[in-house]
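As structure tokens, the structure follows; a few thoughts come after it.
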Amino acid sequence: MPGPILEARGLHKHFGHLHVLKGVDLLVQERELVFVIGPSGSGKSTLLRCLNRLEEPSAGSITVDGIDLLDRRTDINKARQRIGMVFQSFNLYPHMTALGNVALALRKVQGRGRAEAEARAREALDRVHLADRAGHYPGQLSGGQQQRVAIARAIALEPRVMLFDEPTSALDPELVGGVLAAMRELRESGMTMVVVSHEMGFARAAADRVIFMDGGRIVEQGPPAAIFGAPQEERTRAFIGQIERNHA
Amino acid sequence: MTFDDFLQAFFSWEILEQAWPILWAGFLNTLVLSAVVVPLGFIGGVILALLSTLRSRWVRWPLIAWVDLFRSLPPLVLLVFVYAGLPFAGLEVSPLTAVAIGFFLNTGAYYGEILRAGIESVPHGQTEAARSTGLTALQALGHVVLPQAVRNVLPDLISNTLEVVKLTSIASVVALPELLFQARQAQSVTYNATPIMAAAVIYFVLLWPVVRLLSRLENRQMAGRR
């Protein structure tokens, strides 16, 4: 087995007096889909945001695709092209069309010409089944469509790892399916994914591994069947019981 | 004063015909002056707004002091200081240079505050999304944040521009032959108020369409915020 594509060791994060991450180790293998669950304030989103250095870890090390992310000599903007990110609130650029949103980094970061960037952007939109919405502005799209455009914006750069930060929690229930379908197809194409989400059905069906975090630490991890079916830790049991009651 | 006297003093066609070449030259100078000081002030504003995005206290406090100073000083005082005060320090400046410096300092501070508010109105998630795709901080600002910021404060920017164009009339105190200065010249030569009246009408004709546009934009923004 080749080495992990993403390797985070001993991550700590302080916000002032708040100690949000208390020594987290996370290894992700190529083509693996890792789910991170946990109560709000458990540090799961902070962990994800450290993995592309949107948050600066207070201590620890992160290597992605062989690049030491925290090394001063690393060009973080170059490294970030290998790490796609999808946000809870989509964060599409409202003044650009779907195509413009996807093409921006292809042009400005990768330096491609307009024609080539737009061709690649169309391909990416096609992968999330929104090729026919290329000329629409975010305000003219549903939340689910916006999130799929956001996925296209990330995958157009051909990242090695994709990070999803609660990608469906801002969506109306009837729009969740389309986003999960896009994520499933991405997974089937062999993308390595780290997903912070409470979509248990999706986790059961698609995840290789589920990580439960609480209080800034990883409490327990394992295959979805084990974590959801027979959690070892009391805190995991309580949390999963809570989630299942909410979704019943 | 009879009605005919009144007409003769304020609306004399004969006087207008005599004064028109002088007024027209003044009008053109006002246009040129505006075309110099508006971009200059705007550039000053962009610089201040960009500096305000830096978190460092070494930038923050001097910036606040700078903006406060030039928003507090009356523009006329600033202009007179630059034109009549600086020569005592050995710095002779032409009227146009004095006006350019004064406006850069004064209107730059106002444009800067408007643009800063615009930048702050753009959600931080926009910057994060842009940075997550590898854009540099400057690229994220230029391609993602600033276009939205400008759109969000467009009515304020236009309103300020309107004020700046009107304020170019203070250049008359440093003998720059813009519209008001020329009208005063014509008035003193003809001993008649018609040139001043004409200057007022020219300002109105020039700026009223902008005022209308502004009202429409403001109404549209109100509707958008429902």
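The values are calculated or read from the model by the stated rules, or taken from the named source; none is laboratory data. This is a predicted model, so every value here is computed, not measured. Cβ: placed from backbone, ideal geometry, glycine included. Neighbour counts: every protein chain shown. Accessible surface is based on the protein model in full, side chains and every heavy atom, while ligands, DNA and RNA are left aside. Shrake-Rupley method; radii C 1.70, N 1.55, O 1.52, S 1.80 Å.
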In segment B:22-37, is there at least one residue being free of Cβ contacts under 8 Å to residues at least 40 places away in the same chain, farther than 25 Å from B:ARG184 by Cβ and surrounded by 12 or more Cβ atoms within 10 Å (Cβ to Cβ)? no
Could you tell me how many of the residues in segment B:112-140 are within 12 Å of chain A (Cβ to nearest Cβ) and open to solvent by less than 30 Å² (accessible area, probe 1.4 Å)? 11
Quick one: which of A:ALA121, A:ALA205, A:ALA117 is touching a residue at least 24 places away in the same chain (Cβ under 8 Å), on the phi < 0 side of the Ramachandran plot and in contact with a helix residue (DSSP H, G or I) (Cβ under 9 Å, 6 or more places away or on another chain)? A:ALA121
Considering only residues of segment A:116-127 that are open to solvent by 30 Å² or more (accessible area, probe 1.4 Å) and either at pLDDT below 95 or closer than 12 Å to A:ARG153 by Cα (or both), which is farthest from the other protein chains (Cβ to nearest Cβ)? A:ASP126
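Of all residues in segment A:14-26, how many are of a type in the set (A, V, I, L, M, F, W, C) and either touching a helix residue (DSSP H, G or I) at 6+ places or on another chain (Cβ under 7 Å) or at pLDDT 95 or above (or both)? Break it down into steps so the answer makes sense when it comes.
First, pick out the residues of segment A:14-26 that are of a type in the set (A, V, I, L, M, F, W, C): A:15, A:18, A:20-21, A:24, A:26.
Narrowing the set further to residues that are either touching a helix residue (DSSP H, G or I) at 6+ places or on another chain (Cβ under 7 Å) or at pLDDT 95 or above (or both) leaves A:20-21, A:24, A:26.
Summing the residues that are of a type in the set (A, V, I, L, M, F, W, C) and either touching a helix residue (DSSP H, G or I) at 6+ places or on another chain (Cβ under 7 Å) or at pLDDT 95 or above (or both) in segment A:14-26 gives 4.
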Quick check: anything in segment B:95-106 of a type in the set (Gly, Ala, Ser), in a helix (DSSP H, G or I), surrounded by fewer than 18 Cβ atoms within 10 Å (Cβ to Cβ) and at pLDDT below 95? no
In the list A:LEU54, A:LEU48, A:LEU70, which residue meets the criterion of being more than 28 Å from A:MET183 (Cα to Cα) and not in a strand (DSSP E or B)? A:LEU70
Which of the residues belonging to segment A:90-108 are facing chain B (nearest Cβ under 9 Å) and outside any helix (DSSP H, G or I)? A:PHE90, A:ASN91, A:LEU92, A:TYR93, A:PRO94, A:HIS95, A:MET96
Please verify whether A:GLU55 is under 23 Å from A:ILE151 (Cβ atoms), more than 14 Å from chain B (Cβ to nearest Cβ) and surrounded by fewer than 24 Cβ atoms within 10 Å (Cβ to Cβ), treating the condition exactly as stated. no
Is it the case that some residue within segment B:149-170 is within 10 Å of chain A (Cβ to nearest Cβ) and farther than 30 Å from B:ILE202 by Cα? no
Pick from B:VAL150, B:VAL173, B:VAL145, B:VAL211: which is crowded, with 20+ Cβ neighbours inside 10 Å, touching a residue at least 24 places away in the same chain (Cβ under 8 Å) and assigned to a helix (DSSP H, G or I)? B:VAL145
Subset of segment A:228-248 (residues that are within 26 Å of A:GLY60 (Cβ to Cβ) and either in contact (Cβ under 8 Å) with a residue 60 or more places away in the chain or surrounded by fewer than 14 Cβ atoms within 10 Å (Cβ to Cβ) (or both)): A:GLN232, A:GLU233, A:PHE239
Would segment A:69-80 turn up any residue that is within 13 Å of chain B (Cβ to nearest Cβ), within 22 Å of B:PRO147 (Cβ to Cβ) and surrounded by fewer than 24 Cβ atoms within 10 Å (Cβ to Cβ)? yes
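Of these, B:LEU23, B:LEU69, B:LEU33, B:LEU28, which one is farther than 26 Å from B:VAL189 by Cα and at pLDDT 90 or above?
B:LEU69
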Residue that is among the small types (Gly, Ala, Ser) and at the interface with another protein chain (Cβ under 9 Å from one of its Cβ atoms), where the choices are A:GLY111, A:GLY84: A:GLY84
